[in-house]
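Written out below as C-alpha coordinates is the structure these notes cover.
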Amino acid sequence: QMCIRDSFYTKLSVLGKVVIFLGIGVAILLYILAFVGFWSVYSRSKRMLCINLLCLLVALGVMMTSLILIQTWSEEIQQTNSTLNADLGDYWMEQVKEDPERVCGIQNELQCSGFTHSCATIVGASSECPKNCEETNARWFSPCQYIIRDWITTNHVILVQLLYVAIALLVVGIFFDIVTWIALRSMKHSIQRGNTKRVKEVSSMVGVGGANKETQKKYTSILLLMSLSSRDTARLKKEFARIDKDKSGTLDKLEMATFLKKSLMHNPTRPEIDEIFAICDIDGDQVIDLREFLALFQHSAISNDKYSKIMHERLAQRGLLKKAAAQDPFSSPGSSPGSSPRNQSPNKNGGQAYTLSL
(Lines give C-alpha, C1' and ligand atoms only; values in the text may rest on other atoms or scores of the structure.)
Protein backbone atom coordinates (compact mmCIF):
# COMPACT_ATOMS: atom_id res chain seq x y z
CA GLN A 1 0.00 0.00 0.00
CA MET A 2 2.86 2.37 0.75
CA CYS A 3 4.43 1.59 -2.62
CA ILE A 4 1.14 2.27 -4.43
CA ARG A 5 0.65 5.53 -2.59
CA ASP A 6 4.22 6.68 -3.19
CA SER A 7 4.11 5.78 -6.86
CA PHE A 8 0.75 7.44 -7.56
CA TYR A 9 -0.26 10.36 -5.40
CA THR A 10 3.15 11.69 -4.42
CA LYS A 11 4.30 11.70 -8.04
CA LEU A 12 1.31 13.69 -9.27
CA SER A 13 1.78 17.29 -10.30
CA VAL A 14 -0.02 19.99 -8.36
CA LEU A 15 -2.61 20.15 -11.14
CA GLY A 16 -3.26 16.41 -10.81
CA LYS A 17 -3.69 16.73 -7.05
CA VAL A 18 -6.15 19.60 -7.50
CA VAL A 19 -8.21 17.51 -9.93
CA ILE A 20 -8.27 14.57 -7.50
CA PHE A 21 -9.52 16.77 -4.65
CA LEU A 22 -12.16 18.33 -6.90
CA GLY A 23 -13.26 14.83 -7.97
CA ILE A 24 -13.57 13.73 -4.35
CA GLY A 25 -15.59 16.87 -3.59
CA VAL A 26 -17.97 16.18 -6.48
CA ALA A 27 -18.37 12.54 -5.38
CA ILE A 28 -19.20 13.61 -1.82
CA LEU A 29 -21.70 16.16 -3.13
CA LEU A 30 -23.44 13.53 -5.29
CA TYR A 31 -23.55 11.12 -2.33
CA ILE A 32 -25.12 13.74 -0.05
CA LEU A 33 -27.73 14.66 -2.66
CA ALA A 34 -28.56 10.98 -3.22
CA PHE A 35 -28.87 10.41 0.54
CA VAL A 36 -31.19 13.40 0.95
CA GLY A 37 -33.28 12.15 -1.98
CA PHE A 38 -33.73 8.66 -0.55
CA TRP A 39 -34.40 10.06 2.92
CA SER A 40 -37.09 12.30 1.44
CA VAL A 41 -38.78 9.25 -0.06
CA TYR A 42 -38.51 7.31 3.21
CA SER A 43 -40.02 10.19 5.22
CA ARG A 44 -42.57 10.96 2.47
CA SER A 45 -41.60 14.63 2.58
CA LYS A 46 -42.42 16.61 -0.54
CA ARG A 47 -40.71 19.64 0.99
CA MET A 48 -37.40 17.79 1.33
CA LEU A 49 -37.80 16.50 -2.22
CA CYS A 50 -38.27 20.06 -3.49
CA ILE A 51 -35.17 21.24 -1.60
CA ASN A 52 -33.19 18.28 -2.95
CA LEU A 53 -34.45 19.00 -6.48
CA LEU A 54 -33.36 22.64 -6.16
CA CYS A 55 -29.88 21.54 -4.98
CA LEU A 56 -29.65 19.10 -7.89
CA LEU A 57 -30.56 21.84 -10.38
CA VAL A 58 -27.92 24.18 -8.88
CA ALA A 59 -25.30 21.41 -8.99
CA LEU A 60 -26.28 20.65 -12.60
CA GLY A 61 -25.84 24.33 -13.49
CA VAL A 62 -22.39 24.37 -11.87
CA MET A 63 -21.35 21.20 -13.73
CA MET A 64 -22.62 22.52 -17.07
CA THR A 65 -20.79 25.81 -16.52
CA SER A 66 -17.60 23.94 -15.60
CA LEU A 67 -17.89 21.83 -18.74
CA ILE A 68 -18.30 24.91 -20.96
CA LEU A 69 -15.36 26.68 -19.25
CA ILE A 70 -13.07 23.66 -19.58
CA GLN A 71 -13.95 23.30 -23.27
CA THR A 72 -13.36 27.03 -23.89
CA TRP A 73 -10.16 27.26 -21.86
CA SER A 74 -8.78 24.11 -23.44
CA GLU A 75 -9.16 25.63 -26.89
CA GLU A 76 -7.75 29.02 -25.88
CA ILE A 77 -4.79 27.68 -23.88
CA GLN A 78 -3.52 25.89 -26.98
CA GLN A 79 -3.40 29.19 -28.89
CA THR A 80 -0.22 31.00 -27.88
CA ASN A 81 -1.57 34.49 -28.63
CA SER A 82 -5.05 33.95 -27.15
CA THR A 83 -6.65 36.36 -24.67
CA LEU A 84 -6.52 33.72 -21.93
CA ASN A 85 -2.76 33.26 -22.31
CA ALA A 86 -2.25 37.03 -22.32
CA ASP A 87 -4.29 37.40 -19.10
CA LEU A 88 -2.38 34.54 -17.45
CA GLY A 89 0.92 36.13 -18.50
CA ASP A 90 -0.08 39.50 -17.00
CA TYR A 91 -1.21 37.80 -13.79
CA TRP A 92 2.07 35.85 -13.61
CA MET A 93 4.21 39.00 -13.91
CA GLU A 94 2.05 40.80 -11.36
CA GLN A 95 2.59 37.96 -8.87
CA VAL A 96 6.33 37.97 -9.60
CA LYS A 97 6.44 41.58 -8.38
CA GLU A 98 4.09 41.21 -5.40
CA ASP A 99 4.83 37.68 -4.14
CA PRO A 100 7.99 36.22 -5.74
CA GLU A 101 8.27 33.53 -3.05
CA ARG A 102 4.86 32.13 -3.99
CA VAL A 103 5.72 32.13 -7.70
CA CYS A 104 8.95 30.30 -6.88
CA GLY A 105 6.95 27.63 -5.05
CA ILE A 106 4.59 27.26 -8.04
CA GLN A 107 7.56 26.81 -10.36
CA ASN A 108 8.91 24.12 -8.07
CA GLU A 109 5.56 22.26 -7.98
CA LEU A 110 5.02 22.48 -11.75
CA GLN A 111 8.70 21.83 -12.47
CA CYS A 112 9.01 24.86 -14.75
CA SER A 113 10.42 28.39 -14.70
CA GLY A 114 9.10 31.62 -16.18
CA PHE A 115 5.81 31.74 -18.01
CA THR A 116 6.35 32.13 -21.76
CA HIS A 117 10.16 31.83 -21.61
CA SER A 118 12.28 29.69 -19.35
CA CYS A 119 14.33 31.60 -16.81
CA ALA A 120 17.14 29.10 -17.39
CA THR A 121 17.59 30.43 -20.93
CA ILE A 122 17.23 34.14 -20.10
CA VAL A 123 20.39 36.13 -19.39
CA GLY A 124 19.91 38.75 -16.69
CA ALA A 125 16.76 39.79 -14.86
CA SER A 126 13.32 39.24 -16.34
CA SER A 127 9.79 40.26 -15.32
CA GLU A 128 8.80 36.59 -15.59
CA CYS A 129 11.42 35.30 -13.16
CA PRO A 130 10.94 35.72 -9.38
CA LYS A 131 13.81 37.13 -7.28
CA ASN A 132 15.67 35.04 -4.72
CA CYS A 133 14.71 31.93 -6.67
CA GLU A 134 17.88 31.42 -8.70
CA GLU A 135 18.13 27.68 -8.07
CA THR A 136 14.61 26.95 -9.33
CA ASN A 137 14.95 29.45 -12.18
CA ALA A 138 18.07 27.70 -13.43
CA ARG A 139 16.86 24.15 -12.75
CA TRP A 140 13.87 23.88 -15.09
CA PHE A 141 14.07 24.58 -18.81
CA SER A 142 10.33 24.37 -19.62
CA PRO A 143 8.16 27.53 -19.39
CA CYS A 144 5.12 27.11 -17.13
CA GLN A 145 2.76 28.03 -19.96
CA TYR A 146 3.89 24.97 -21.91
CA ILE A 147 3.57 22.70 -18.88
CA ILE A 148 -0.02 23.87 -18.23
CA ARG A 149 -0.92 23.60 -21.92
CA ASP A 150 0.54 20.09 -22.24
CA TRP A 151 -1.26 18.93 -19.06
CA ILE A 152 -4.64 20.26 -20.23
CA THR A 153 -4.15 18.79 -23.70
CA THR A 154 -3.32 15.39 -22.20
CA ASN A 155 -6.07 15.29 -19.54
CA HIS A 156 -8.79 17.33 -21.26
CA VAL A 157 -10.70 14.27 -22.49
CA ILE A 158 -10.66 12.62 -19.04
CA LEU A 159 -11.96 15.78 -17.35
CA VAL A 160 -14.76 16.14 -19.89
CA GLN A 161 -15.76 12.48 -19.50
CA LEU A 162 -15.89 12.78 -15.71
CA LEU A 163 -18.07 15.87 -15.99
CA TYR A 164 -20.39 14.06 -18.39
CA VAL A 165 -20.75 11.22 -15.86
CA ALA A 166 -21.51 13.69 -13.06
CA ILE A 167 -24.05 15.51 -15.25
CA ALA A 168 -25.72 12.21 -16.21
CA LEU A 169 -26.04 11.22 -12.53
CA LEU A 170 -27.52 14.62 -11.67
CA VAL A 171 -30.06 14.31 -14.51
CA VAL A 172 -31.06 10.86 -13.22
CA GLY A 173 -31.44 12.31 -9.72
CA ILE A 174 -33.61 15.17 -11.02
CA PHE A 175 -35.80 12.72 -12.94
CA PHE A 176 -36.09 10.50 -9.84
CA ASP A 177 -37.09 13.48 -7.66
CA ILE A 178 -39.75 14.67 -10.11
CA VAL A 179 -41.26 11.19 -10.54
CA THR A 180 -41.22 10.59 -6.78
CA TRP A 181 -42.80 13.97 -6.06
CA ILE A 182 -45.62 13.22 -8.52
CA ALA A 183 -46.07 9.75 -6.99
CA LEU A 184 -46.21 11.14 -3.43
CA ARG A 185 -48.69 13.80 -4.48
CA SER A 186 -50.88 11.21 -6.21
CA MET A 187 -50.67 8.86 -3.23
CA LYS A 188 -51.58 11.67 -0.84
CA HIS A 189 -54.65 12.66 -2.85
CA SER A 190 -55.72 9.03 -3.17
CA ILE A 191 -55.40 8.43 0.58
CA GLN A 192 -57.20 11.68 1.38
CA ARG A 193 -60.12 10.69 -0.85
CA GLY A 194 -60.21 7.32 0.90
CA ASN A 195 -60.09 9.06 4.28
CA THR A 196 -63.11 11.20 3.40
CA LYS A 197 -65.07 8.13 2.31
CA ARG A 198 -64.20 6.13 5.43
CA VAL A 199 -64.99 8.99 7.79
CA LYS A 200 -68.42 9.36 6.18
CA GLU A 201 -69.06 5.62 6.49
CA VAL A 202 -68.05 5.51 10.15
CA SER A 203 -70.02 8.71 10.86
CA SER A 204 -73.15 7.15 9.40
CA MET A 205 -72.69 3.95 11.40
CA VAL A 206 -72.29 5.68 14.76
CA GLY A 207 -74.89 8.37 14.08
CA VAL A 208 -72.61 11.38 13.72
CA GLY A 209 -73.41 11.77 10.04
CA GLY A 210 -76.37 13.99 10.75
CA ALA A 211 -74.50 16.27 13.16
CA ASN A 212 -73.48 19.80 12.22
CA LYS A 213 -70.22 20.37 10.34
CA GLU A 214 -68.42 21.75 13.39
CA THR A 215 -69.11 18.59 15.38
CA GLN A 216 -68.14 16.36 12.47
CA LYS A 217 -64.88 18.26 12.00
CA LYS A 218 -64.09 17.98 15.70
CA TYR A 219 -64.28 14.18 15.53
CA THR A 220 -62.67 13.72 12.07
CA SER A 221 -59.34 12.43 13.37
CA ILE A 222 -60.83 10.04 15.91
CA LEU A 223 -63.29 8.68 13.33
CA LEU A 224 -60.43 8.23 10.89
CA LEU A 225 -58.49 6.24 13.49
CA MET A 226 -61.60 4.16 14.26
CA SER A 227 -61.87 3.27 10.57
CA LEU A 228 -58.56 1.39 10.66
CA SER A 229 -58.83 -2.37 10.53
CA SER A 230 -57.92 -4.40 13.59
CA ARG A 231 -55.69 -6.59 11.42
CA ASP A 232 -53.34 -3.60 11.12
CA THR A 233 -52.15 -4.06 14.71
CA ALA A 234 -48.62 -5.20 13.76
CA ARG A 235 -48.18 -2.31 11.37
CA LEU A 236 -49.67 0.12 13.87
CA LYS A 237 -47.05 -0.99 16.39
CA LYS A 238 -44.32 -0.45 13.82
CA GLU A 239 -45.64 2.98 12.91
CA PHE A 240 -46.04 3.87 16.60
CA ALA A 241 -42.35 3.10 17.15
CA ARG A 242 -41.34 5.11 14.06
CA ILE A 243 -43.30 8.21 15.06
CA ASP A 244 -42.07 7.98 18.67
CA LYS A 245 -39.02 10.16 17.93
CA ASP A 246 -37.70 10.35 21.49
CA LYS A 247 -38.18 6.57 22.01
CA SER A 248 -40.09 7.23 25.23
CA GLY A 249 -42.73 4.59 24.44
CA THR A 250 -45.42 7.28 24.35
CA LEU A 251 -46.82 9.81 21.88
CA ASP A 252 -47.32 13.44 22.82
CA LYS A 253 -49.69 15.70 20.89
CA LEU A 254 -47.04 16.74 18.36
CA GLU A 255 -46.09 13.13 17.65
CA MET A 256 -49.75 12.15 17.31
CA ALA A 257 -50.25 14.95 14.80
CA THR A 258 -47.20 13.68 12.93
CA PHE A 259 -48.68 10.17 12.89
CA LEU A 260 -51.91 11.42 11.32
CA LYS A 261 -50.09 13.62 8.83
CA LYS A 262 -47.40 11.16 7.72
CA SER A 263 -49.29 7.88 7.87
CA LEU A 264 -52.87 8.91 7.05
CA MET A 265 -52.15 12.09 5.06
CA HIS A 266 -54.56 14.03 7.29
CA ASN A 267 -53.69 17.44 8.73
CA PRO A 268 -55.43 17.51 12.12
CA THR A 269 -56.59 20.66 13.86
CA ARG A 270 -55.78 21.36 17.51
CA PRO A 271 -59.38 20.53 18.66
CA GLU A 272 -59.12 17.17 16.84
CA ILE A 273 -55.86 16.32 18.64
CA ASP A 274 -57.32 17.47 21.98
CA GLU A 275 -60.32 15.21 21.43
CA ILE A 276 -58.10 12.22 20.64
CA PHE A 277 -56.25 12.72 23.93
CA ALA A 278 -59.49 13.25 25.83
CA ILE A 279 -60.65 9.83 24.64
CA CYS A 280 -57.41 7.81 24.42
CA ASP A 281 -55.39 9.16 27.36
CA ILE A 282 -56.82 6.70 29.91
CA ASP A 283 -54.40 7.41 32.76
CA GLY A 284 -54.42 11.20 32.21
CA ASP A 285 -50.64 11.63 31.90
CA GLN A 286 -50.99 13.83 28.78
CA VAL A 287 -49.35 11.20 26.56
CA ILE A 288 -50.66 8.10 24.80
CA ASP A 289 -48.77 4.85 25.28
CA LEU A 290 -48.97 1.86 22.96
CA ARG A 291 -51.66 0.10 25.03
CA GLU A 292 -53.90 3.17 24.97
CA PHE A 293 -53.21 3.66 21.28
CA LEU A 294 -54.18 0.10 20.34
CA ALA A 295 -57.22 0.08 22.63
CA LEU A 296 -58.94 2.45 20.23
CA PHE A 297 -58.91 -0.27 17.56
CA GLN A 298 -60.28 -3.03 19.82
CA HIS A 299 -63.87 -2.63 18.71
CA SER A 300 -65.44 -5.60 20.49
CA ALA A 301 -67.74 -4.34 23.25
CA ILE A 302 -67.37 -7.59 25.18
CA SER A 303 -63.62 -7.13 25.57
CA ASN A 304 -62.40 -7.72 29.12
CA ASP A 305 -59.50 -5.32 28.66
CA LYS A 306 -59.77 -2.42 31.13
CA TYR A 307 -58.45 0.15 28.67
CA SER A 308 -60.85 -1.01 25.93
CA LYS A 309 -63.83 -0.75 28.30
CA ILE A 310 -62.93 2.80 29.35
CA MET A 311 -62.32 3.70 25.72
CA HIS A 312 -65.76 2.37 24.75
CA GLU A 313 -67.41 4.32 27.53
CA ARG A 314 -65.80 7.57 26.39
CA LEU A 315 -66.69 6.91 22.77
CA ALA A 316 -70.28 6.12 23.75
CA GLN A 317 -70.55 9.31 25.82
CA ARG A 318 -69.66 11.30 22.69
CA GLY A 319 -72.10 9.37 20.55
CA LEU A 320 -69.27 7.72 18.63
CA LEU A 321 -70.23 4.18 19.64
CA LYS A 322 -73.65 2.59 19.58
CA LYS A 323 -74.53 0.65 22.72
CA ALA A 324 -75.55 -2.57 21.02
CA ALA A 325 -75.49 -5.37 23.55
CA ALA A 326 -72.25 -7.31 23.33
CA GLN A 327 -71.87 -6.47 19.67
CA ASP A 328 -69.35 -4.60 17.58
CA PRO A 329 -71.15 -1.42 16.49
CA PHE A 330 -69.54 -1.71 13.08
CA SER A 331 -70.84 -5.18 12.39
CA SER A 332 -73.86 -5.74 10.22
CA PRO A 333 -77.20 -6.97 11.69
CA GLY A 334 -77.09 -10.63 12.52
CA SER A 335 -73.32 -10.92 12.39
CA SER A 336 -71.22 -12.10 15.30
CA PRO A 337 -69.03 -9.67 17.26
CA GLY A 338 -65.88 -11.00 15.62
CA SER A 339 -67.21 -10.73 12.10
CA SER A 340 -67.11 -6.96 11.74
CA PRO A 341 -66.76 -5.81 8.15
CA ARG A 342 -63.50 -4.08 9.07
CA ASN A 343 -62.18 -7.38 10.44
CA GLN A 344 -62.80 -9.05 7.11
CA SER A 345 -60.58 -8.95 4.07
CA PRO A 346 -61.47 -6.21 1.61
CA ASN A 347 -63.44 -7.38 -1.39
CA LYS A 348 -63.07 -6.37 -5.01
CA ASN A 349 -65.84 -3.81 -4.75
CA GLY A 350 -64.03 -1.97 -1.99
CA GLY A 351 -65.02 -3.01 1.54
CA GLN A 352 -64.70 -0.95 4.68
CA ALA A 353 -61.44 -2.56 5.71
CA TYR A 354 -58.47 -0.29 5.45
CA THR A 355 -54.85 -1.36 5.72
CA LEU A 356 -52.42 1.27 6.92
CA SER A 357 -49.86 2.31 4.30
CA LEU A 358 -46.44 2.48 5.92
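In the set (1) hydrophobic (A, V, I, L, M, F, W, C); (2) touching a residue at least 40 places away in the same chain (Cβ under 8 Å); (3) not in a helix (DSSP H, G or I), the condition left unmet by residue 273 is number (3).
Residue-by-condition table, conditions (1) of a type in the set (A, V, I, L, M); (2) at pLDDT 80 or above; (3) under 30 Å from residue 134 (Cβ atoms); (4) exposed (fewer than 13 other Cβ atoms within 10 Å of the Cβ):
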residue: 12; (1), (2), (3), (4): yes, no, yes, yes
residue: 29; (1), (2), (3), (4): yes, yes, no, no
residue: 41; (1), (2), (3), (4): yes, no, no, no
residue: 61; (1), (2), (3), (4): no, yes, no, yes
residue: 69; (1), (2), (3), (4): yes, yes, no, yes
residue: 82; (1), (2), (3), (4): no, yes, no, no
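Within the stretch 218-243, being over 20 Å from residue 44 (Cβ atoms) and modelled with pLDDT under 75 holds for 229, 230, 231, 233. In the stretch 162-196, of all residues being without any contact (Cβ under 8 Å) to a residue 12 or more places away in the chain and over 22 Å from residue 36 (Cα atoms), the one that is most open to solvent (accessible area, probe 1.4 Å) corresponds to 193. Before we move on, is residue 135 farther than 26 Å from residue 23 by Cα, open to solvent by 30 Å² or more (accessible area, probe 1.4 Å) and either in contact with a Leu (Cβ under 6 Å, 6 or more places away or on another chain) or in a helix (DSSP H, G or I) (or both)? Yes; evaluated as a whole, the condition is true for this residue.
When you look at residue 96, is it modelled with pLDDT of 85 or more, assigned to a helix (DSSP H, G or I) and surrounded by 18 or more Cβ atoms within 10 Å (Cβ to Cβ), yes or no?
yes
Those residues that are among the hydrophobic types (A, V, I, L, M, F, W, C) and open to solvent by 50 Å² or more (accessible area, probe 1.4 Å), I need them from the stretch 43-59; list them, please.
48, 50, 51, 54, 55, 57, 58
Listed here are the residues, each with its yes/no results for (1) in contact with a helix residue (DSSP H, G or I) (Cβ under 8 Å, 6 or more places away or on another chain); (2) assigned to a helix (DSSP H, G or I); (3) aromatic (Phe, Trp, Tyr); (4) within 30 Å of residue 28 (Cα to Cα).
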site	(1), (2), (3), (4)
50	yes, yes, no, yes
56	yes, yes, no, yes
62	no, yes, no, yes
66	yes, yes, no, yes
104	yes, yes, no, no
116	yes, no, no, no
129	yes, no, no, no
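The values are calculated or read from the model by the stated rules, or taken from the named source; none is laboratory data. None of the values given here were measured: they were computed from a predicted structure. A quick note on method: Cβ atoms are made from the backbone with ideal geometry, for glycine too, and the neighbour counts reach across all protein chains shown. Areas reflect the complete protein model, heavy atoms only, side chains present, ligands, DNA and RNA absent. Shrake-Rupley method; radii C 1.70, N 1.55, O 1.52, S 1.80 Å.
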